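Step one of this worksheet: look at the structure below.
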Amino acid sequence: MLFDDVTAATLSSALRGYEARNLAISNNLANSETPGYKRLDVSFESALASATHDAHSLSGMARSEAADLVAGVMPSSTADTVTAMRTDGGNVDPDTEMAALARNQLAHQTVTSLLDKHLTLIRTAIIGR
Amino acid sequence: MSMYSALGISATGMTAERLRMDVVADNLANADSTTGVGAAYRRKAVTMAPATATPEFRLPGGVNATSASGVVGGVSVTGIVEDGSELRRVFEPGHPLADAEGYVTKPNVNPVTEMVDMVAATRAFEANVTAFEASKTMARDALRIIQ
């Protein structure tokens, strides 16, 4: 990649995470009335945070190597088998899912704007105005 | 593409809830349908199960997932089943479908149950619409980067 920087890698990793979470929440809402369905959770924030921390603190690491480290963070999904919400064994709470959906959408929007701004900076550097 | 899969997943939810609505409407419309001496319309119910996912609906990196939960495919209607509960018997000796004791068998449809089911289906449908809108907005935001 031409512009292998940690910032772009972090932002695109985060976007991938939010998109995966959106998928999980959509699936939870689609299955809100399915007997025995266990809700899916997506986590990536802590893995991404430790990867960016490593990328910034490890000295002697090449720029592209640090970017690859951050870009390699994959969201992981887990089924929530602990909680119970309904008598049929399902545990989707539509209100919680709606709140998570809204929060996730806002976070995604924030990161998209940041990535947009970042690319604008690069564009400015290229064309010089 | 996970963005567009989310739209598909919400669509499966909307389809399932709409079918549930159709079944409720059928039950209410047939709340008094008799089909013969000792027989009547039986209330129908929709059964749902998590859909088996096609590869494009796979969550990335479901490595920590228990029992293939990394695969998401929305919801699928597995069938429309008849409610086996007892049919109502109403004393109407003059009715052409009355049995020897003068009772007419009526459907096991309870309008209150159907109303509750209808509201639940409406709310679940709305939840899927909201998720659909959110996915659409997210896709539009992501596309704005390349503008």
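Quick check on the protein assembly as shown: helices-only [θ] at 222 nm, where DSSP H runs of length 4 and up contribute -39,500 (n - 2.57) each and the sum goes over total residues. Nearest 500, please. Spell out each step's value before the answer.
Numbers: 6 runs with 143 residues, N = 276.
Result for the protein assembly as shown: -18500 deg cm²/dmol, rounded to the nearest 500.
Please list, or write none, the lysines whose alpha carbon is within less than 18 Å of the alpha carbon of B:Lys106, excluding same-chain residues fewer than 8 places away.
In chain and number order, the partners are B:Lys44.
In angstroms, what radius of gyration and Dmax does chain A have, counting Cα atoms only?
Calculated on Cα positions, Rg and Dmax stand at 18.3, 63 Å.
From the backbone phi of the stretch B:72-79, what are the Karplus-calculated ³J(HN,Hα) couplings (6.51 cos²θ - 1.76 cosθ + 1.60, θ = phi - 60°) in whole Hz, Gly and Pro given as x?
Karplus values, whole Hz, x for Gly and Pro: 10, x, x, 10, 10, 7, 8, x.
Order of B:12-20, A:14-22, B:40-48 by packing, highest average Cβ count within 10 Å first? Intermediate values should be presented prior to the final figure.
Values: B:12-20: 21.4, A:14-22: 24.9, B:40-48: 19.0.
Ranked by mean Cβ neighbours within 10 Å, highest first: A:14-22, B:12-20, B:40-48.
At a Förster radius of 41 Å, what calculated FRET efficiency corresponds to the Cβ-Cβ distance of A:Asp5 and A:Ala102, to the nearest 0.05?
Working: r = 31 Å, r/R0 = 0.75.
The formula returns an efficiency of 0.85 here.
Shielding by partners for B:39-52, please: the mean number of other protein chain Cβ atoms within 10 Å of each residue's Cβ.
2
What is the sum of charges around A:Val6, taking Lys and Arg as +1, Asp and Glu as -1, for the other residues whose C-beta is under 14 Å from the C-beta of A:Val6?
Here the count lands on -4.
Mean projection of the alpha-carbon convex hull of the protein assembly as shown over all orientations, in nm²? Kindly include the intermediate steps, with their values, before the conclusion.
Numbers: hull surface 73.6 nm².
Averaged projected hull area, Cα only: 18.4 nm².
Relative to the longest principal Cα axis of chain B, at what angle does helix B:2-29 sit, 0 to 90 degrees, rounded to 10?
So the helix axis and the longest Cα principal axis differ by about 10 degrees.
Over all residues in A:113-121, what is the mean tally of Cβ atoms on other chains that come within 10 Å of each residue's Cβ?
Taking the mean over all residues of the peptide, I get 2.
Where does the charge balance sit around B:Thr15 when Lys and Arg score +1, Asp and Glu -1, over other residues with C-beta under 15 Å from its C-beta? Walk me through the numbers on the way to the answer.
Details: positive: B:Arg18, B:Arg20; negative: A:Glu33, B:Glu17, B:Asp22, B:Glu126.
Net charge in that neighbourhood comes out at -2.
How high is the relative contact order of chain B? Use alpha-carbon pairs under 8 Å, at least six apart in sequence, and give a whole percent.
Value for chain B: 33 percent.
List the residues whose amide H sits under 5 Å from the amide H of A:Tyr37, counting only those 5 or more places along or on another chain, with H placed 1.01 Å from N in the peptide plane.
Here A:Gly90, A:Asn91 satisfy the definition.
Once every Cα of the stretch B:1-47 carries one equal point scatterer and solvent is ignored, give the base-10 log of I(q)/I(0) from the Debye formula at q = 0.13, 0.25, 0.26 Å⁻¹, two decimals.
-0.46, -0.87, -0.89
Give me the angle, in degrees from 0 to 90, between the Cα long axis of helix B:111-144 and the longest principal axis of the Cα atoms of chain B, rounded to the nearest 10.
So the inclination is approximately 10 degrees.
The stretch B:18-53 to the stretch A:1-46: how many Å between their Cα centroids?
37 Å
Taking only the alpha-carbon positions of chain B and ignoring solvent, what does the Debye formula give for the base-10 log of I(q)/I(0) at q = 0.15, 0.18, 0.20 Å⁻¹?
Debye curve over Cα of chain B, log10 I(q)/I(0) at q = 0.15, 0.18, 0.20 Å⁻¹: -0.84, -1.03, -1.15.
Can you run phi through the Karplus equation (6.51, -1.76, 1.60; θ = phi - 60°) for the stretch A:78-92 and list ³J(HN,Hα) in whole Hz, with x for Gly and Pro?
Result, rounded to whole Hz: 9, 8, 7, 9, 8, 6, 10, 10, 10, 5, 7, x, x, 9, 8.
Using a 10 Å cut-off around each Cβ of peptide A:85-97, what is the average number of partner chain Cβ atoms that fall inside?
1
Could you sort A:34-45, A:114-125 so that the peptide with the highest average Cβ count within 10 Å comes first and the rest follow in order? Mind dumping the intermediate values first?
Numbers: A:34-45: 20.3, A:114-125: 13.2.
Ranking, from highest mean packing down: A:34-45, A:114-125.
For the stretch B:104-147 and the stretch A:95-129, what is the separation of their Cα centres, given in Å?
Rounded to whole Å, the Cα centres lie 28 Å apart.
With +1 on each Lys and Arg Cβ and -1 on each Asp and Glu Cβ, and nothing else charged, work out how big the dipole of the stretch A:6-127 is about its Cα centre, in Debye to the nearest 20. Write down the numbers at each step before the final one.
Numbers: 9 positive and 13 negative charges, 70 e Å.
Dipole size: approximately 340 debye.
Every number here is computed from the coordinates shown, using simple stated rules; none is lab data. Computed from a predicted model, the values in this text were never measured in an experiment. Cβ coordinates were reconstructed from backbone atoms using ideal geometry, including for glycine residues, and neighbour counts include every protein chain displayed.
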